[in-house]
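Below you'll find the structure, written out as structure tokens, and then a few comments.
The values are calculated or read from the model by the stated rules, or taken from the named source; none is laboratory data. Quick caveat: nothing in here was measured; it's all calculated off a predicted structure. So basically every Cβ, Gly included, is an ideal-geometry build from the backbone, and we count neighbours across all protein chains shown. For the accessible areas, the whole protein counts, side chains as well, though only heavy atoms, and no ligand, DNA or RNA atoms are used. Shrake-Rupley method; radii C 1.70, N 1.55, O 1.52, S 1.80 Å.
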Amino acid sequence: MKLFAEEAGGNDYISLNFYRLKSGARLYPCEMSRGKVLSFVLGFVPDQSGAA
């Protein structure tokens, strides 16, 4: 699975690949630190307003 997200109204982004393997889940950041990706994923709250 690939995730790419852009900051609303800004220039920042998150990009990662996530694999579910028999040996366990693997997260691979794309050209950024693992800490930045984990911070985004663990802090993500979906927009419930229905706005796209």
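Points worth noting:
- All other residues whose Cβ lies under 11 angstrom from that of residue 28 are scored, Lys and Arg at +1 and Asp and Glu at -1, for a net of +2.
- For the pair residue 2 and residue 47, label points projected 7 Å from Cα toward Cβ lie 2.3 nm apart.
- Simple spin-label estimate for residue 36 and residue 21 gives 2.4 nm between the two label positions (7 Å along the Cα-to-Cβ direction from each Cα).
- Under 13 Å, Cβ to Cβ, from residue 37 - net charge with Lys/Arg +1 and Asp/Glu -1: +2
- Neighbour net charge for residue 5 - beta-carbon separation under 13 angstrom, K R +1, D E -1: -2
- Distance distribution P(r), the chain, all Cα-Cα pairs, bin width 10 angstrom from 0: 21, 50, 25, 5 percent.
- Sulfur and carbon atoms: percent of accessible area, the chain [1.4 Å]: 56
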